[in-house]
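Have a look at the structure below, then the notes.
The values are calculated or read from the model by the stated rules, or taken from the named source; none is laboratory data. Predicted model, so just to flag it, every value in this text is computed and none were measured. Please note: Cβ atoms are built from the backbone with ideal geometry, for glycine as well, and neighbour counts cover all protein chains shown. These accessible areas exclude ligands, DNA and RNA; they are computed on the full protein's heavy atoms, side chains included. Shrake-Rupley method; radii C 1.70, N 1.55, O 1.52, S 1.80 Å.
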Amino acid sequence: MNTLLAPLINSWKTPELRKKILLTALLFVVFRIFAHIPIPGVDTVKLKALFAQNQFLGLLDIFSGGTLVNFSVMALGLNPYINASIILQLLTIVFPSLEELSKEGEYGREKMNQYTRFLTVPLAAVQSIGMYALLKNQGIVATVSPLTLVTMILTMTAGTLLAMWIGELVTEYGIGNGISLLIFAGIVGRMPVVLGQTVTSVTSEYVTNIVLFVVLAVLVIAATVFVNEAVRRITVHYARRIRGNKVYGGQTSYLPLRVNQAGVIPIIFAVSMVLLPSLVGGFLHQVRNPALANFGKLLTSLFNPNGVAYNAIYFLLVIGFTYFYTAITFNPAKIAGEIQKYGGFIPGIRPGAPTAGYLNYILTRITLAGALFLGAIAILPSFARQISGVSTLLIGGTGVLIVVSVVLETVKALEAQLVMRNYEGFLKE
């Protein structure tokens, strides 16, 4: 335990890092205050009941940082910003100019961040309109005048920009990635409420199930840490080169290939696809045409979140999107070219195309392990509900993956800050 808390304890002892931690905590408080300021005209009781029944909306609430379930001024939270980041990342594959810009160091990153901010504004406005239409159909929001609707859209768009600004402040002046930490704060912030609901509803017959659930949760967290940190190390030798009186190369390094190369993105894509039929079915179910209404009932029954068909399709989609996202973010031919450019080679493999083929061979096989793990994490809530019988304690596998990933990244950031300051002290001496 002391080893795990060592980075935090040592950071608190460092005055500069202590200021960063306190600033991060203050920005969290500001974010959570805005998360509880609701937009007028919303029935929050019906809204929470809707979110409890709909996994897609629950996922949106996770990525909004817990602000959507309250329909606060930050109702959309960070969803438009995350969507803009994913869209821009995909566009770098389509447009070579964006790919070149992303490689131009600090300037390129600043320009890409600027484009992401610009794209966030229209996405936030569109999502505001969609959210209003969805809640209006559910009877949660009453029909409003055009001026009131425009005001509501502007409020939610401004809330998204404010959340994005707070996240960037945390990244620049605080500790870790601000956007990830705000999502982490939203997930963790709901845990006391969930635990309170479980304690008030628990009976003696469910005590054993809760113990089983806790054991299962510990195993899942341990597995998530293991897979998230697992890498396949590819040995790379660099040939010795002589230029004038200097000798370059002659070293051995490793190319780390992560088992979970895609992170949580495949689950986001898959859950959006698998829950779309049930949303369409719910809409068609209210149509007066009998044929469309029956088709809506069929879609709703087939894609029931507790059904076998739903979980099977969800599992396969996660695997497919894992391979897809890994393929667009990791280019074996490009990596092989960089290795050859600097005089490197993999022992037993010729440079160039054979190296790219070998990297693709390794990546395809280790991605299968990562894809199967993500698929298991995605359908975990359904099985946990059936095994333990406890529904109130369930935080989706996506939430567990985000929490574990953010904690690991933040600890690494603290350790890096400590190492850097120790190194600076050594230079001063």
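Quick one: is I175 modelled with pLDDT under 85 and not in a helix (DSSP H, G or I)? Before you say what the answer is, go through the steps one by one.
Working: modelled with pLDDT under 85: yes; not in a helix (DSSP H, G or I): yes.
Yes.
For region 52-63, state whether one or more residues are at pLDDT 75 or above and surrounded by 14 or more Cβ atoms within 10 Å (Cβ to Cβ). No, every residue in region 52-63 fails to be at pLDDT 75 or above and surrounded by 14 or more Cβ atoms within 10 Å (Cβ to Cβ).
Being modelled with pLDDT of 75 or more and open to solvent by 50 Å² or more (accessible area, probe 1.4 Å) is a property that does not hold for V247. Is at least one residue of region 156-170 hydroxyl-bearing (S, T, Y) and open to solvent by 20 Å² or more (accessible area, probe 1.4 Å)? So far as region 156-170 goes, no, none of its residues is hydroxyl-bearing (S, T, Y) and open to solvent by 20 Å² or more (accessible area, probe 1.4 Å).
Mind telling me which of the residues L98, L135, L123 ends up being buried (at least 16 other Cβ atoms within 10 Å of the Cβ) and either touching a Ser or Thr at 6+ places or on another chain (Cβ under 6 Å) or β-branched (V, I, T) (or both)? Testing whether each residue is buried (at least 16 other Cβ atoms within 10 Å of the Cβ) and either touching a Ser or Thr at 6+ places or on another chain (Cβ under 6 Å) or β-branched (V, I, T) (or both) leaves just L98.
Screening R190, R241, R258 for residues that are within 18 Å of the chain's Cα centre (by Cα) and at pLDDT below 75 leaves exactly one candidate, R190.
Taking the criterion of being aliphatic (A, V, I, L, M), in a helix (DSSP H, G or I) and at pLDDT 80 or above, the only residue of region 32-51 that qualifies is I33.
For V29, the conditions (1) at pLDDT 80 or above; (2) under 26 Å from F269 (Cα atoms) all hold with the exception of (2). In the condition set (1) buried (at least 18 other Cβ atoms within 10 Å of the Cβ); (2) more than 30 Å from T148 (Cα to Cα); (3) at pLDDT 80 or above, P7 is compliant with all but (3).
Among the residues of region 304-319, those that are open to solvent by 40 Å² or more (accessible area, probe 1.4 Å) and part of a helix (DSSP H, G or I) comprise V308, A309, A312, I313, F315, L316, L317. Condition first: modelled with pLDDT under 85, in a helix (DSSP H, G or I) and surrounded by 15 or more Cβ atoms within 10 Å (Cβ to Cβ). Now tell me which residues in region 338-375 satisfy that. Correct list: I339, Q340. The residue that is farthest from V231 (Cα to Cα), counting only those in region 254-271 that are open to solvent by 20 Å² or more (accessible area, probe 1.4 Å) and β-branched (V, I, T), is I268.
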